[in-house]
Amino acid sequence: MPLDVSMFRYVESIPDGTIDLASSAMRGMNPDGLGGTEIEEQIAKLYGVEKEQVIVTPSNTFASFFTLYHLRKKISSLVTITPEYPAYYYQAREIGITASLDNRVSSEGVDLSPWDVDEKTGYFISNPNNPTGLSWSEESIKSIARETEGNESYLVIDDTFSFFNGTFPRRLETGNTIILGSVSKFFGDSGIKMGWIVSGKQIIQEMRERIGIIVPVISNNVKRRGSYLLSNINVFKDYNKKKLDENSKILFENFDEYILGYRGSVINAISVGGDSTKFSLSLMTEGVATVPGYYFGTDSLVRIGIGTEDSERTEKGVKIIARRLSDWSR
């Protein structure tokens, strides 16, 4: 797993003017507007659940931390994979939960097959996966979810990137499943931070009893802004698809054989074999920002985001990466 270093600090250190292929969010569409304050009902409708099954949080990071805080006395360990967004691993350790990692990277790509569920264990995944953009299959998700309830275990899914892959909304599965979501990636520079937790009524009721201790109150202005964005999902979907299709074409035309991901995803990973930090820093000297796989638990890949820059700058950055990649693999 990554050392005790901050991916956020790395991203924040990127020089101004650098071609930003490090971001995992969209940018370029940010219309003004406010909706209603009943954001819980809106999210519930998206997931096909009741309002009482939704908690709104200041961000996805708050949502994942509070979920782990809630589970800390219910589970004996947390299991996640590499490559994976590292916040879950670090948050679990800070709370005192024993965290273990299942390496899913091989010469053939990334294995997203289900676990055999152990008793009183939390399973944490992002779906689609961050950093690769690859989706866990519906069968894998259902297989894990079905076993959790009988084993007093939990499946926690960061569903943020599902907006991009055409499978949103994702209906709540059976078992002890907890879904986390956010507007931060799909809606880009929206000007707010808002996330949510969706789960069964009993789990959400238990969470509500303690949420005031950990999670700040969400203002009505944030809720109204979030409501407006969610009301315009299809408008953002059309804009995002056009931009991602253009940039994804550039990406795959230049180094298809190195990509761990799929066309049209806002993020992809490329296989560099090793020394991902050194590779990313070498790109930085040429004005291109990426994120080393080091931060996701494996040094063999680099994450590339294609939702921030326009096609001209994306192509310029990808050409630089392709040249470096060719030299790197010799």
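List the pairs whose first member sits in the stretch 251-263 and is touching a residue at least 60 places away in the same chain (Cβ under 8 Å) and within 20 Å of Asp299 (Cβ to Cβ), whose second member is β-branched (Val, Ile, Thr) and not in a helix (DSSP H, G or I), and whose Cβ atoms are under 8 Å apart, counting only residues at least 6 apart or on separate chains?
Pairs found: Phe255/Ile270; Tyr258/Ile270; Tyr258/Val272; Leu260/Val110; Leu260/Thr132; Leu260/Ile270; Gly261/Thr132; Gly261/Ile267.
Say we look at the stretch 190-234 and pick out the residues that are surrounded by fewer than 12 Cβ atoms within 10 Å (Cβ to Cβ) and without any contact (Cβ under 8 Å) to a residue 24 or more places away in the chain; which of these is farthest from Glu52 (Cα to Cα)?
By that ranking, first place goes to Asn234.
Assess whether Lys242 counts as being over 29 Å from Leu101 (Cα atoms), charged (D, E, K, R) and either surrounded by fewer than 17 Cβ atoms within 10 Å (Cβ to Cβ) or modelled with pLDDT under 90 (or both).
Numbers: over 29 Å from Leu101 (Cα atoms): yes; charged (D, E, K, R): yes; either surrounded by fewer than 17 Cβ atoms within 10 Å (Cβ to Cβ) or modelled with pLDDT under 90 (or both): yes.
Considered against the rule, which asks whether it is over 29 Å from Leu101 (Cα atoms), charged (D, E, K, R) and either surrounded by fewer than 17 Cβ atoms within 10 Å (Cβ to Cβ) or modelled with pLDDT under 90 (or both), Lys242 comes out as yes.
Go through the stretch 62-159 and tell me which strands (runs of 3 or more DSSP E), entirely inside it, have 1 or more residues that are closer than 21 Å to Gly181 by Cβ and either under 20 Å from the mean Cα position of the chain (by Cα) or modelled with pLDDT under 95 (or both).
On the way: elements: 77-82, 98-103, 121-126, 154-158.
Counting at least 1 such residues, we get 77-82, 121-126, 154-158.
What about Thr37, is it surrounded by 20 or more Cβ atoms within 10 Å (Cβ to Cβ) and either assigned to a helix (DSSP H, G or I) or at pLDDT below 95 (or both)?
On the way: surrounded by 20 or more Cβ atoms within 10 Å (Cβ to Cβ): no; either assigned to a helix (DSSP H, G or I) or at pLDDT below 95 (or both): yes.
So Thr37 does not fit the description; no.
Within 30 Å of Ile250 (Cα to Cα), among the small types (Gly, Ala, Ser) and touching a strand residue (DSSP E or B) at 6+ places or on another chain (Cβ under 6 Å): is that true of Ser77 in this structure?
Considered against the rule, which asks whether it is within 30 Å of Ile250 (Cα to Cα), among the small types (Gly, Ala, Ser) and touching a strand residue (DSSP E or B) at 6+ places or on another chain (Cβ under 6 Å), Ser77 comes out as no.
Take the stretch 220-271 and flag every residue that is touching a Gly at 6+ places or on another chain (Cβ under 8 Å), under 19 Å from Pro131 (Cβ atoms) and among the aromatic types (Phe, Trp, Tyr).
Across the stretch 220-271, the qualifying residue is only Tyr262.
Tell me, yes or no, whether the stretch 270-279 has at least one residue that is touching a residue at least 24 places away in the same chain (Cβ under 8 Å), surrounded by 21 or more Cβ atoms within 10 Å (Cβ to Cβ) and in a helix (DSSP H, G or I).
yes
What are the pairs with Cβ atoms under 9 angstrom where one residue, in the stretch 56-72, is more than 17 Å from Leu155 (Cβ to Cβ) and the other, located anywhere, is among the acidic types (Asp, Glu) and surrounded by fewer than 22 Cβ atoms within 10 Å (Cβ to Cβ)? Sequence gap at least six, or different chains.
Val56/Glu40; Phe65/Glu94
Residues that are within 15 Å of Ser59 (Cα to Cα), at least 1 per element: which helices (runs of 4 or more DSSP H) completely within the stretch 209-260 meet that? Can you show your working first?
On the way: elements: 211-214, 220-231, 233-255.
Answer list for the stretch 209-260: 211-214, 220-231.
Would you mention how many residues in the stretch 280-319 are in a helix (DSSP H, G or I) and touching a residue at least 60 places away in the same chain (Cβ under 8 Å)? Give the steps one after another, and end with the answer.
If we filter the stretch 280-319 for residues that are in a helix (DSSP H, G or I), which is where we start, we get 280-284, 293-296, 311-319.
If we keep only those that are touching a residue at least 60 places away in the same chain (Cβ under 8 Å) as well, we get 284, 293-296, 311, 313-319.
Qualifying residue count for the region: 13.
Any residue in the stretch 14-28 that is in contact (Cβ under 8 Å) with a residue 40 or more places away in the chain sitting within a Cβ distance under 6 Å of a residue that is of a type in the set (S, T, N, Q)? List the pairs, counting only those 6 or more apart or interchain.
Close Cβ pairs satisfying both conditions: Asp20/Thr308; Leu21/Thr290; Ala22/Thr290; Ser23/Thr308; Met26/Asn240; Arg27/Thr308.
The values are calculated or read from the model by the stated rules, or taken from the named source; none is laboratory data. Worth saying up front: this structure is predicted, and the values here are computed from it rather than measured. No Cβ is skipped: glycine too gets one built from the backbone with ideal geometry, and neighbour counts run over all protein chains shown.
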